[in-house]
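Quick notes on the structure that follows.
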Amino acid sequence: MNRRPSRPRRTALAIAAAGWVLLGAVGCSSSGGGGGSSSPAATSPAVSSPAATSPAASSSAASSAPAGAVTVTIKDFKFDPATLTVAPGTAITVTNQDDTGHTLTALAPNAGAFDTGLLEQGKSATITAPTTPGSYPFHCDVHPTMTGTLVVQ
């Protein structure tokens with residue numbers, strides 16, 4: 001019997017497909033690519049190429065993307081995606097869409113590996129994934145119950 005995927009699965013697939021279409025359009029742009037940051041760069045190493053946006057993913061699912069193409073959105077006191085898998089050195093643009101300030105900050109045992117600093121509403125910052133493969137838990141310094149994991153492989 002041929003069954004359709006569940007509604008959450010169809011929604012996630014539709015979002016991913018739309019994101020990849022948009023990613024292709026951004027990659028073909030002659031304007032120089034991935035947008036800037038209205039916040040100072042994070043404490044991680046500089047990135048030599050601009051970051052492009054990636055498709056949105058469900059916060060309950062992991063997200064993977066090639067180096068230089070990852071976005072994390074903070075909204076409703078959650079990281080979206082909450083778990084993401086990237087290549088070493090990937091640029092990750094973090095945007096706060098909440099009406100209060102948030103951070104995306106590495107936790108022990110990797111404290112200091114990356115930190116956006118405080119991002120007020122509508123602000124973005126770009127951090128760089130560590131070059132050492134591994135799992136890097138993170139949280140919001142202001143709201144420690146907001147958590148996520150960056151997987152570098």
Using a 1.4 Å probe on the protein heavy atoms only, what accessible surface does residue 143 show? Give it in Å² to the nearest 10. 40
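Given Cα pairs under 8 Å that are at least 6 residues apart, what percent is the relative contact order of region 83-153? It would help to have the intermediate numbers written out before the result.
Numbers: 167 pairs, mean separation 28.3, N = 71.
Result for region 83-153 is 40 percent.
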Please calculate the 1.4 Å probe accessible area of residue 124, with all protein chains present, and give it to the nearest 10 Å². 20
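The values are calculated or read from the model by the stated rules, or taken from the named source; none is laboratory data. Just so you know, these numbers come straight off a predicted model, no measurement behind them. Just so you know, the surface numbers come from the protein's heavy atoms only, side chains and all, with ligands and any DNA or RNA stripped out. Shrake-Rupley method; radii C 1.70, N 1.55, O 1.52, S 1.80 Å.
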